[in-house]
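Visitor: First the structure, which I've put down as structure tokens, then a few questions once you've had a look.
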Amino acid sequence: MTRSSGVLLHITSLPGSHGIGDLGPEAYAFVDKLVDAEQSIWQVLPLVPVGYGNSPYASPSTFAGSSLLISPELLVEDRLLPASYLTEVSFENSGNVDFEKVTHSKRKMLELAFKNFDRGSSDIDEQEFDDFCLENTFWLDDFCHFVTLKETFEDKAWTSWPDKYASRDKEALQQFATNNDKRIRMSKFWQFLFHRQWHRLKSYAGQNGIQIFGDLPIYVAHDSADVWANPELFLLDDSGNPTSVAGVPPDYFSETGQRWGNPIYDWALMQRRGFQWWTLRLRAILRMVDIVRLDHFRGFEAFWAVPATETTAVNGQWIKGPGAALFDHFATVFNGVPPIVAEDLGVITKEVVSLMERYRFPGMAILQFGFDEGPSGNFLPHNFERNLVAYTGTHDNDSVVGWYHAANGTQAAEIAETARNYCRDYLGFTSLKATSISESFVRALMASVADLAIVPVQDMLGLDSSSRMNTPGKTDGNWVWRLKDEQLNEDAIEKLRHLTVTFGRARTNTDVDA
């Protein structure tokens, strides 16, 4: 990495008038603002369809794109919708996504778009669609069958479908495909639209010197096309249910650990098959983004496996992961080490550090966590290394302002005030205004030696806890926050630009006084 900086903002959080951020004009405008602010990176969350709790980390597919992100304006440009239709999908931007309302609205819109394409009344080249389907057969067919079956069986988990479909009986699936050809083709078309719009946006960003920094969770959801189509790659019983699930052990933050519930991989079988599925997965996301964050990186060295019958993560055990074998394979098939950032938060062992160092994978540092341990904390700027991606906070953190004013900060209540006092001393601010707190965090981050500094847009703007994207362990109310129109104004852009230039992170040769 070179010395640079960027902004974390998920697509759904962009402003606009269609109920949810999408791949249309506001996304292009955001790229322009990044350019004006001398940024180099736009970091996003997984671009996949959302799952339980509207989470992009519980998706029904690791390969598919979210149709909720498809832009109505771009569909009008392609003559898939009449211009008059834009008013029918126009909502006031309340600052939150109403996923139920947006899903209903977007589905009606996309059904009409497909109808217009199917009758040949759009500017979309049918050969382009056919080529997309052919190039993506390895995941597209399974995903579109899966979502059509889910819809047929009232959104029940695939293990609750009639056995002939749950077990993927070949004749039954062929008959289902014949009977539901139009619905399956429509689902494929929506994926085509998403990928077409996404690659146009990514190309625009690249032409303007902005790299896209994406996110790949280590695990996939059990109720997903990935597990349904490849059950042998996971530790499942004869009914298709997990025998062992992922999580993390008890720690300071949780006496019972975290039982995530994702099925565990059969890493031995994956290795015997030359890590084919993982290679396809990494190759697919590297076509979508320029840099990828591997979530829960420590799980590749060793992972916490919990018997599926357990209700907490207490009675799990550490099991060795694929380690160097997987990343040596990637280095071979990708003709070099892929552009990976290791999410190495939490308790990290020397074995995990050794694995990261072997491939020079940058790790992460979260400034919010730095004040809990005092001067020796690894997440304090004076202890940073160069090969590092440093954040004020991530999508799982409260905003800086929210963290500072919270009752118990990032740790237990009894030490939270000590952390806040040290934070004030360390950053040298006395005012309690939101802007001074967040600006002090951003300044410290930008001044550090870390090669890459990433600022969530909430901290760039000094927003409070109402702007929080996700609260781990909370089952509702997550993933809904959006920027309001004109909130990201010229003043905010200029402040970020000034810090970026001042601390040598500008993407162009820019004078500090310019």
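The values are calculated or read from the model by the stated rules, or taken from the named source; none is laboratory data. Small disclaimer: the values here were computed from a predicted structure and weren't measured. Quick reminder, even Gly has a Cβ in these numbers, built from the backbone with ideal geometry, and neighbours come from all protein chains shown.
Visitor: Any residue in region 134-149 that is in contact (Cβ under 8 Å) with a residue 24 or more places away in the chain and over 16 Å from PHE194 (Cβ atoms) sitting within a Cβ distance under 8 Å of a residue that is in a helix (DSSP H, G or I) and of a type in the set (Ser, Thr, Tyr)? List the pairs, counting only those 6 or more apart or interchain.
Guide: THR148/SER187; LEU149/TYR165
Visitor: So, in region 290-313, of the ones that are surrounded by 15 or more Cβ atoms within 10 Å (Cβ to Cβ) and assigned to a loop (DSSP other than H, G, I, E, B), which residue ends up nearest to the chain's Cα centre (by Cα)?
Guide: Checking each candidate, the answer is ASP295.
Visitor: Applying the selection to region 237-276, what residues are in contact with a Ser or Thr (Cβ under 7 Å, 6 or more places away or on another chain), over 18 Å from TRP318 (Cβ atoms) and among the small types (Gly, Ala, Ser)?
Guide: Selection gives SER239, GLY240.
Visitor: Report every pair of residues separated by at least 6 positions or lying on different chains whose Cβ atoms are under 8 Å apart, first residue within region 474-501 and in contact (Cβ under 8 Å) with a residue 12 or more places away in the chain and buried (at least 19 other Cβ atoms within 10 Å of the Cβ), second of a type in the set (Lys, Arg) and assigned to a loop (DSSP other than H, G, I, E, B).
Guide: TRP481/ARG468
Visitor: Pick out the one residue from ALA83, ALA58 that is of a type in the set (A, V, I, L, M), without any contact (Cβ under 8 Å) to a residue 24 or more places away in the chain and in contact with a helix residue (DSSP H, G or I) (Cβ under 6 Å, 6 or more places away or on another chain).
Guide: ALA83
Visitor: In this structure, does THR62 turn out to be under 26 Å from GLU111 (Cα atoms) and buried (at least 17 other Cβ atoms within 10 Å of the Cβ)?
Guide: In short, yes.
Visitor: Given the condition in a loop (DSSP other than H, G, I, E, B), surrounded by fewer than 17 Cβ atoms within 10 Å (Cβ to Cβ) and without any contact (Cβ under 8 Å) to a residue 12 or more places away in the chain, answer yes or no: does some residue in region 315-328 qualify?
Guide: Yes, region 315-328 has at least one match.
Visitor: Does THR87 satisfy the criteria of being at pLDDT below 95 and out of contact with any Leu (no Cβ under 9 Å at 6 or more places or on another chain)?
Guide: Answer is yes for this residue.
Visitor: Out of all the residues in region 166-185, which are assigned to a loop (DSSP other than H, G, I, E, B) and out of contact with any helix residue (DSSP H, G or I) (no Cβ under 6 Å at 6 or more places or on another chain)?
Guide: Hits for region 166-185 are SER167, ARG168, ASP169.
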